[in-house]
1. Most exposed first by the Cβ proxy, i.e. fewest other Cβ within 10 Å, how do B:210, B:154 rank?
2. Could you give the Stokes-Einstein D for region A:252-351 in µm² per second, using the C-alpha Kirkwood radius, 20 °C, 1.002 mPa s?
3. What ³J(HN,Hα) values, in whole Hz, does the Karplus curve 6.51 cos²θ - 1.76 cosθ + 1.60 give for region B:31-41 when θ = phi - 60°, with x put for Gly and Pro?
4. Quick one: which of B:94-101, A:142-149, A:90-97 comes out on top by average Cβ neighbours within 10 Å, and what's the full order, highest first?
5. Enumerate the amide H contacts of residue A:306 below 5 Å, restricted to partners 5 or more residues apart or on another chain; note that Pro and chain-start residues carry no placed amide H.
6. If you consider only alpha-carbon coordinates, what radius of gyration and Dmax does chain B have, in Å?
7. Using only atoms on other chains, find how many Cβ atoms lie within 10 Å of each Cβ of peptide A:39-50 and report the average.
8. Taking region B:46-82, which trypsin sites (Lys or Arg not before Pro) meet the DSSP loop condition and have no more than 14 other C-beta atoms within 10 Å?
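The numbers here are math on the coordinates, done by the rules we state, and not lab data. These numbers were taken from a predicted model, which means no experiment stands behind them. Cβ: placed from backbone, ideal geometry, glycine included. Neighbour counts: every protein chain shown.
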Amino acid sequence: MTGLLIDIDLPGRGVRIELAVPAGQTCALIGPNGAGKSSVLEAVIGVLPPASGRIELAGRALDAPGVRVPVHRRRIGWLAQRPLLFEHMDVAANVAFGSQGHGRGRAAARRRAASELERVGAAELADRLPWQLSGGQAQRVAIARALASDPGALLLDEPLATIDVQGAAEIRQVLAERLQQAGRPALLVTHDLVDLWRLADRVVVLERGRVVADGAVADVLRRPRHQFLASLGGRNLLAGRAVDAEALRAGDLVVQGLAAAPLRVGTATLGLIDPAAIAVHLRHPEGSPRNVWPAVVRVVERRGDGVRLGCLAGGQTLAVDLTLAAVAELGLVPGLEVFLSVKASQVQLYPR
Amino acid sequence: MTRTVPGWVAALASVGALLIGLPLIGLLLRVPWVRVPALLTEPAARDALWLSLRTCLASTVLSVLLGLPLALVLARLRGPWAALGRVVATVPMVLPPVVGGLALLVTLGRRGPVGRLLSLGGVEIGFTTAAVVIAQAFVAMPFLVVAVEGALRSLDADAELMAATLGAGPSRVLWRITLPSLLPAIVSGTSLAAARSLGEFGATVTFAGSLQGVTRTLPLEIYLQREVDTDTALALAAVLLVLAALLVLGTGLLGRRRPARVRATASAATTPGGAG
């Protein structure tokens, strides 16, 4: 096959997985801490030799019985949480380092570096030293450097985790474009739903070292099963299509929210709502909330100091966090018909 | 940021400064500056000066050539061998130099196990200039090893891994990533080693003896002349003092030119050397 094939046993880490990522696909690996995501990346990079099994890239064995290709000959690109720029080289030299590693001449490497910097919108940073860059700028340079080395596959280990929200949105955009153009297999480890939605085509859930779920991102977010939800930090996700500049329809639910830029009607769109941002009413509420939906309470369960409700509205399951007092006052029990409301400013909308 | 210290700390600090500074001032006052050029051109003084510069250069080069690889290996070793290696590599820093010289003599000297083998091959080390260089490297190299190894251990291993994923083999990673990052520590470790070589006395006199022009370096000449010809001894002492001061100053200037983050690593690295 032309992609990245992982079929390995890492008994020291309790990991045993089989995963094939075709060329051009970005596969997200999600799961709780300690599930084995990092171990898989380490094995593919080549610092954690599998006890048995094989890793192949475009039909070439990197690890197999009797075969163990060292890190610098594997052509596996790595983008880590930290940019890991070489502090004593300027930005252009950092990017050229990746390009020179594969036998290109110095001048050709410089030209390649300039064009890669251009593509991540960092051309004007070429002469700076790493300590003169912001975290977001440094990560752009790291992306350019990783791609300048022409890797056969890319590993992305929470590449946006340490960058502020605004910067992360811009870099995510850059990364989404570059991943699409690159046409390589890519593995993305993330805890961020937005990364998943914007960057990945496919999502694989790891738990205790095993694959427990595997599916296309669009399908998974449209009909999230329990395993996926548990891995994604408890926000409500509503996947559907934009029906105007600031609203999406998911099932029978129309959701008004905020988008960074006006949505184009018909675009696949994801809405995120914090369970604590949703209010519960026994009668249709008066006043300003843009989103009011009739719903049925399905589940009531204690959660820490509060209560989490599972409600069904317009065919979508929504989690709602309330205080004990509120639950008692409203007399909420499974089967009760209620109204849910949430302000549009509490709903984030992300086009894909 | 200004920090105030209690008065009694300041008082003790003054005494400490005097303890170090007064003898240096006293020496500088007693040096017969006018006659220094004439004194330094006398054959014995000239020989000692020339020999010291040559041997110090040779032993410093030797220390870097062997000490850097030693530091690189020690920093990557794990477990009991690493601990043992570190002890062996740093013992000469705390060992009385005369004991070091004795150890070299009974091992590499004509009747020592290694020396006997060498003399079978026609190589004599004891009481030659080579012995001076070996004695100096023996006491000086640990300063470099400790400085560089400390810096290595605070170095970000992920940066080296990143370089490898970008296609750089182990040697290229070493030359392009590891060594440049270690430069401040290498510079300060080298100058410490050079200064230690220059001042070496005990190991040299025990292992190499005191032959004019062959093994009698500056410190040995100063020791010999201090009763016979105090002025020559003082002139040579002044030369040593100036050379040592230049080494320290030069290192300081080099350190200051680096950006803040790199300098932080460098000062962390020099701390163990300074404490030793």
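1. On the way: B:210 15, B:154 12.
Least crowded to most crowded, the residues run B:154, B:210.
2. 151 µm²/s
3. Values per residue, Gly and Pro as x: 5, x, 3, 4, 8, 4, x, 5, 4, 6, 8 Hz.
4. On the way: B:94-101: 16.4, A:142-149: 26.8, A:90-97: 24.9.
Listed from highest to lowest mean packing, they are A:142-149, A:90-97, B:94-101.
5. none
6. 21.3, 66
7. On the way: counts 0, 0, 0, 1, 0, 0, 4, 3, 4, 0, 0, 0.
Counting other chains' Cβ atoms within 10 Å and averaging over A:39-50 gives 1.
8. On the way: sites: B:46, B:54, B:76, B:78; in loops: B:78.
For trypsin sites (Lys or Arg not before Pro) across region B:46-82 that sit outside H, G, I, E and B with at most 14 neighbouring Cβ atoms in 10 Å, the list reads B:78.
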